[in-house]
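Q: My structure is below; once you've seen it, I'll send some questions.
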Amino acid sequence: MNDGASYQELSRRYGFAPKPESASRLTQLVSRQDADLDEITKVIDKDPTLRTRLLRVANPEAENEAEYAIETVEDALMRNGMGCVLVLAMSTPLAQALVKTFQTMLSLQLESIDPRTATPLAGEHLLGTIGFSGKVVGHVFLRMSIDTGRGIAAGILGLPPEELQDINEVRDVAGELLNIMTGNFKSNLCDAGLECKLSPPEVRSTSDFSMAASRGSSIEQMAFRSGGIQLFVDVTANPWSDD
Amino acid sequence: MATKILSVDDSRTIRMIVGRTFKSYDCQVCEAGNGEEGLAAAAREKPDLIILDVTMPVMDGVTMLGKLKEDPELKTIPVIMLTAESGRDNVLQIAKLGVRDYLVKPFKEEQLIEKAGRIVPLVKRPAA
């Protein structure tokens with residue numbers, strides 16, 4: 001039974017890993033509708049990875065950095081608003097959970113890569129989707145080739161890939177990967193006062209994927225690689241819904 | 001007598017991992033796919049330990065934990081939460097209902113063994 005322990009005490013007792021500082025700070029800042037742009041700019045400017053990702057989100061049409069029309073954090077925030085910061089704050093724990101899942105469950109080091117340099121998925125592939133609603137509304141998509149999905153599922157379940165012929169088992173593992181990723185970012189959002197609910201994961205095979213972002217939504221596309229494995233994660237978010 | 005462990009998770013993947021984790025120990029692992037099935041399995045099997053997810057269809061883990069703690073015959077069964085959610089409100093609510101430990105996904109099998117081993121006896125099976 002809880003002896004009136006605080007969250008910090010319980011975190012220590014249960015051995016929770018510390019949450020990513022810049023993502024928590026950013027989520028807290030962006031959760032206020034009167035968010036201070038200067039403070040947000042400082043947090044992003046201090047973190048080169050966040051800065052790179054924000055400029056990529058702010059310049060979705062650019063093929064490379066030389067084509068960026070928006071070159072500073074301040075400019076990106078002024079032109080794109082808080083939605084693009086929120087999507088960054090959400091994607092950070094999500095990406096960290098994905099990398100940690102590969103480290104702990106597969107002993108594989110996933111490397112984050114520029115999605116523009118990744119080889120696009122061709123033909124039928126696996127598409128996992130989780131929706132979230134509440135103070136923030138949007139979707140998380142996880143995409144990978146069927147062979148990659150089979151390899152990951154075999155690794156996580158401890159089976160030889162050739163024994164894994166049932167595509168439903170591969171889908172179940174992909175769904176659990178999505179659950180782990182989104183559970184981590186949901187905790188981060190809820191702790192910042194952005195209460196939201198997750199839909200159950202849905203995984204299917206498709207050869208046709210396109211993201212239809214609603215008006216005011218921001219999108220971050222991420223890609224990860226480890227050896228022959230390549231994964232795509234896309235996040236769309238629209239903050240401050242009244243749902 | 002084998003230690004009886006009940007794994008309650010809507011993900012077959014996690015239930016398989018939990019089963020594999022305890023395979024080399026003298027344990028009998030039974031499974032349920034949601035809180036409602038979990039309560040029925042707990043009443044039927046009287047496990048020594050329950051490993052419980054939070055977000056599940058039909059009945060979630062927090063509701064199942066609350067009902068478990070209201071049942072005089074089941075309330076003393078120790079519970080380890082195994083979930084990807086470690087938000088402040090969730091953790092405080094779950095701790096208030098009463099859990100022995102909390103493990104955040106992703107996890108290593110050794111972490112689950114270590115946490116379970118603090119609560120129930122885990123005896124290695126002799127090598128075949």
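Q: If you check A:L10 against the conditions, is it within 23 Å of A:F185 (Cα to Cα), in a helix (DSSP H, G or I) and under 23 Å from the mean Cα position of the chain (by Cα)?
A: So A:L10 fails the test.
Q: Hand me the list of strands (runs of 3 or more DSSP E) wholly inside the stretch A:127-221 holding 3 or more residues that are within 11 Å of chain B (Cβ to nearest Cβ) and under 30 Å from A:N59 (Cα atoms).
A: A:196-198
Q: Which one of these does A:D34 not meet: (1) under 20 Å from A:D75 (Cα atoms); (2) in contact with a helix residue (DSSP H, G or I) (Cβ under 8 Å, 6 or more places away or on another chain); (3) outside any helix (DSSP H, G or I)?
A: Every condition holds for A:D34 apart from (2).
Q: Scan the stretch B:94-108 and give yes if some residue there is over 12 Å from the mean Cα position of the chain (by Cα) and more than 9 Å from every other protein chain (Cβ to nearest Cβ), otherwise no.
A: no
Q: Within the set of pairs 6+ apart or on separate chains, which have a first residue in the stretch A:153-168 that is farther than 20 Å from A:Q103 by Cβ, a second that is β-branched (V, I, T) and assigned to a helix (DSSP H, G or I), and C-beta atoms under 6 Å apart?
A: none
Q: Given A:A66, A:A89, which one is of a type in the set (A, V, I, L, M), within 14 Å of the chain's Cα centre (by Cα) and over 15 Å from A:L142 (Cα atoms)?
A: Matching residue, one of A:A66, A:A89: A:A89.
Q: Within the stretch B:64-93, track down each residue that is under 24 Å from B:G19 (Cα atoms) and assigned to a helix (DSSP H, G or I).
A: Result: B:M64, B:L65, B:L68.
Q: Kindly evaluate A:K46 against the criterion of being within 14 Å of another protein chain (Cβ to nearest Cβ) and either surrounded by fewer than 18 Cβ atoms within 10 Å (Cβ to Cβ) or of a type in the set (K, R) (or both).
A: Against the criterion (within 14 Å of another protein chain (Cβ to nearest Cβ) and either surrounded by fewer than 18 Cβ atoms within 10 Å (Cβ to Cβ) or of a type in the set (K, R) (or both)), A:K46 does not qualify.
Q: Just checking, how many residues over the stretch A:130-156 are out of contact with any strand residue (DSSP E or B) (no Cβ under 8 Å at 6 or more places or on another chain) and surrounded by fewer than 20 Cβ atoms within 10 Å (Cβ to Cβ)?
A: 3
Q: Of all the residues that make up the stretch B:55-84, how many are crowded, with 24+ Cβ neighbours inside 10 Å, touching a Leu at 6+ places or on another chain (Cβ under 9 Å) and closer than 19 Å to A:L178 by Cα?
A: So the answer is 4.
Q: Right, something else. Failed condition for A:M78, given (1) farther than 20 Å from A:T117 by Cβ; (2) buried (at least 21 other Cβ atoms within 10 Å of the Cβ); (3) away from chain B (no Cβ under 14 Å); (4) modelled with pLDDT of 80 or more, with all others met?
A: Failed condition: (2).
The values are calculated or read from the model by the stated rules, or taken from the named source; none is laboratory data. Nothing here was measured: the structure is a model prediction, and the numbers come from that model. We place every Cβ from the backbone using ideal geometry, glycine too, and count neighbours over all the protein chains shown.
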